[in-house]
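Undergrad: Before I ask anything, here is the structure I am working with.
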Amino acid sequence: MKHLPSVDVEMLGNMLDALSFSVYTFDRERRVMYSNTAARKNQASAEPGSFIGAAEPGHFDVHQYFNEARERIPPEDLLIIDRAFKGIPTRELLIEHRDMVKRTHQWLEVTCVPVMDEDGEFSYGILVSRELSLRKKREEKLRFLLESMKILSITMDFKDRLQRKAELAVPALADWCSIEIVTSDNKIERQALVHREPAKIQLIREYEKLYPPQPGEETATQRVIRTGKGEFTPLVTKEMIDAVPNLKAEQREAIYKLELSSIIILPIGIPGKTLGALTLAYAESNRAYTEDDFTFFTEFAQHLYVILDNARLYDEIRLRDESKDIFLASLSHELRNPLAPIRSSLELLRIQNKDSTLDPELQVLEHQFSHMSRLLNDLLDTTRFIRGKIVVQLNPIELADVMQHVVQALRTVAEKKNIDLSVVSDRTSYIVNADRTRLEQAFTNLLNNAIKFTPPGGKITVTITVEDQQLILKVRDTGVGITSEEMARIFEPYYQSERVQNANTGLGIGLRLVYEIVHLHNGTITVASEGKDMGSEFTITMPLMAASTATQKDAEPESFPTATTKKVIIVDDNEAAADGLVRLLKALGWDAQALYSGRDLLIHLEKEMADIVFVDIGMPEMDGYDVIEEIRTRNYTLPVVALTGYGLTEDKQEALSAGFTAHLTKPIGAAELKATLEELL
Ligand code: ADP
């Protein structure tokens, strides 16, 4: 067996010289005893006999050290040699060293180990230092890119997204980062400006306010956007600032204060189409960008272009979509206005139709009227849901009641189509925390669909059960069924299947509303069907409450109030609506009068007090809120009821807190009028 030669001193020296990191040994006097080639190459003071880590005065001003979070490490924490004398080793300390004079920065991993003699005294120390700059920088750039991509999916708001991107660069890859974009009217607008200290941002803002670009003058950013070419100043020197022509002395001072040391400005765009500019700068950290950095950020700016372009397209589409929603909202709102006088006229006709000769016509009118009201309400609701404007008022309510009410209302429609509609439940009471009106709306939509999409002779079954404190409500029909393609889109707003066109008289929004309502109640909705003509089953789940918190349902009004001598005033700028209600009230025997503006009402009340006033909210000049404010300021104590075109929960609350006694949603029927008058008079 051949023996390997044992390691001799020469071989050991060669081995140490082959290493890429620096190795030193030092004695009790801090003198370098030995240093390998790498150490001597990296550090002038590494020759044997030189002093190591002996900080001259001012050393730590020139040589600054930072931890991974980019916080400056105080000099006393850097005394690794002194610690070694006491027998304390330091292992793999990761620090960034910045030479503030040479403007270089490097990442170092330092290890310092004492070797003790037999008496336990310090004999000599070994110092190993490894340069990690390249690896560290690559890591930082990679992290920057990865985080950058993440932002894309988290937030869709354009400006927010750019700000977040700029934030990612600071402080690892820049002290300053700003993003400018070209707006549709060709102005350059800053979308993001980031620095770690807000005070510094203030400094820039002040500078820009004090010294805006003069007419004809072009800033570097404007130039980069115009030419589409990036600009790179590796080292900003005082001489460069001094050489800029036409600067006032205090302006020059203000620039010095920014301490800029290295700047990259890049176009965000492709040749011929620049969407903006990305600026990165090192300042007080006194670092300098390299060609490598310039290339990296040039590529990044190209990615940014793609992102910006997509974001712009997305925003454009969203904006268009939004204006469509707003249009639909105002359309349905406007279309609801004529409903008020139609409804009161219908009610009036019903009262006058004592011998029932008009019954068939009235029935048609009433049926079509409620259909139209429901469509308009749904349309208005959908647009408001999409825009996040709906809030629900949750109260403990009896769900079985709500369902019973809905089924009763739809039973005749089902019977007419010879459809068997039944409810099966595993207990008598189900208390849920819900908004009664909204829940009713959701169930009505589901059952209406089931009736609509089930041919005559079919069957609809509602089952209500409880599992693990979860209420499970199923609406099952034997209708046209749903194919898998339809299923994927069925809850989208405005979606309607083309397959069942003749059954389809709606707007494709009913299910979307159900979906939104269920989710506002912390519930879920799913759909199942075995396909064409195999029927459908919608399943809603929502949390169940403890039964003890149940509330009683409101009693239904039964008959109209008897005539009284009480004076009722209706104020609405829609004259037909006001007149319609007055005629209805008069037919019921009330002393009613219509006025068409808030001002007329106030003049009237000065002369003659009323017993109750109904005031429309949306009126020109003086709206309902102005009227109630004036009435309450004058200390009139009469009940005042707000009338609005749309019954939002938040509207209702707003009306009550403004001083209204009650709130009604147009169109108002005789039953609601009766209930309100009875309650308030
Ligand atoms: P609309 O009923 O106004 O068309 P919805 O949003 O309520 O709008 O429903 C969207 C689509 O979902 C309908 O057009 C229909 O194709 C399908 N759909 C809804 N309910 C059922 C059902 N019970 N059976 C079969 N298809 C249904």
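The values are calculated or read from the model by the stated rules, or taken from the named source; none is laboratory data. Bear in mind the structure is a predicted one, so any value in this text is a computation, not a measurement. Backbone-built Cβ (ideal geometry, glycine too); neighbour counts: all protein chains shown. What goes into the accessible areas is simple: the full protein's heavy atoms, side chains included, and nothing from ligands, DNA or RNA. Shrake-Rupley method; radii C 1.70, N 1.55, O 1.52, S 1.80 Å.
Undergrad: Mind putting a number on the dipole of the range 390-438 about its Cα centre? Charges go on the C-beta only, +1 for Lys and Arg and -1 for Asp and Glu, and I need it in Debye to the nearest 20.
TA: 160
Undergrad: Here is a follow-up. Taking H placed 1.01 Å from N in the peptide plane, check which residues at least 5 places from Lys567 or on another chain put their amide H under 5 Å from its amide H.
TA: Asp611, Ile612
Undergrad: Among the GluC sites (Glu not before Pro) in the range 371-464, which ones are in a DSSP loop with at most 11 other Cβ atoms within 10 Å of the Cβ? Mind listing them?
TA: none
Undergrad: What ³J(HN,Hα) values, in whole Hz, does the Karplus curve 6.51 cos²θ - 1.76 cosθ + 1.60 give for the range 63-76 when θ = phi - 60°, with x put for Gly and Pro?
TA: Those phi angles translate into 9, 10, 10, 10, 8, 5, 7, 6, 9, 5, 8, x, x, 5 Hz.
Undergrad: Hey, another quick one. Output the peptides 61-71, 469-479 sorted from most to least packed, where packing is the average of other Cβ atoms within 10 Å over each peptide's residues.
TA: Going by the mean number of other Cβ atoms within 10 Å, highest first, we get 469-479, 61-71.
Undergrad: Going through the range 178-274, which GluC sites (Glu not before Pro) have at most 14 other Cβ atoms within 10 Å and a DSSP loop state?
TA: Glu217, Glu218
Undergrad: May I ask you to compute the full-extension gain from Asn433 to Glu167, defined as 0.36 nm times their residue separation minus their alpha-carbon distance, rounded to one decimal in nm?
TA: Full extension from Asn433 to Glu167 adds 91.5 nm.
Undergrad: Further question on the same structure: Leaving ligands, DNA and RNA out of it, report the carbon-plus-sulfur percent of the accessible area of the range 301-354 at a 1.4 Å probe.
TA: Roughly 62 percent of what the probe reaches on the range 301-354 is carbon or sulfur.
Undergrad: Under 15 Å from a label point 7 Å along Cα→Cβ of Glu56: give me every residue in the range 24-44 with its amide N that close.
TA: Label zone hits: 44.
Undergrad: Within the set of other residues whose C-beta is less than 12 Å from the C-beta of Ser536, count the net charge using Lys and Arg as +1 and Asp and Glu as -1.
TA: Charge balance near Ser536 sits at -1.
Undergrad: Still on this model: Can you give the net charge of the other residues whose Cβ lies under 9 Å from the Cβ of Asn395, counting K and R as +1 and D and E as -1?
TA: Overall, the nearby charge balance is 0.
Undergrad: Mean separation of Cα pairs under 8 Å and 6+ residues apart, divided by the residue count of the range 338-495: what relative contact order is that in percent?
TA: Once divided by the residue count of the range 338-495, the mean separation gives 19 percent.
Undergrad: Could I ask something else about it? Can you tell me which aspartates and glutamates have their Cα less than 18 Å from the Cα of Lys417? Leave out same-chain residues fewer than eight positions away.
TA: Asp477, Asp533
Undergrad: Please give me the summed charge of the neighbours of Gln593: other residues whose Cβ is under 11 Å from its Cβ, Lys and Arg +1, Asp and Glu -1.
TA: That works out to -2.
Undergrad: Subtracting the Cα-Cα distance from 0.36 nm times the residue separation, let me have the gained length for Gln393 to Arg226 in nm, one decimal.
TA: 54.6 nm
Undergrad: Which percent, nearest 5, of DSSP beta bridges in the chain are antiparallel?
TA: Counting DSSP beta bridges with both partners in the chain, the antiparallel share is about 80 percent.
Undergrad: Tell me the label-point distance for the pair Val7, Asn67, using the 7 Å Cα-to-Cβ offset, in nm and rounded to one decimal.
TA: 3.4
Undergrad: Given the C-alpha centroids of the range 174-189 and the range 517-541, what is the distance between them in whole angstrom?
TA: Centre-to-centre (Cα) distance: 47 Å.
Undergrad: Hey, can you grab everything whose amide H is under 5 Å from the amide H of Ser123? Only 5+ residues off in sequence or another chain; H modelled, so Pro and N-termini drop out.
TA: Answer set, sorted by chain and number: Val115, Met116, Asp117.
Undergrad: Can you pull out the trypsin sites (Lys or Arg not before Pro) in the range 372-456 that DSSP calls coil and that have at most 13 other Cβ atoms within 10 Å?
TA: Arg387, Lys389, Arg427
Undergrad: If contacts are Cα pairs under 8 angstrom and at least 6 residues apart, what is the relative contact order of the range 593-652 in percent?
TA: Relative contact order of the range 593-652: 38 percent.
Undergrad: Let me ask something else about it. At a Cα cut-off below 23 Å, give the lysines reachable from Lys137, other chains included and same-chain residues fewer than 8 away excluded.
TA: Partners within reach: Lys41, Lys102, Lys150, Lys165.
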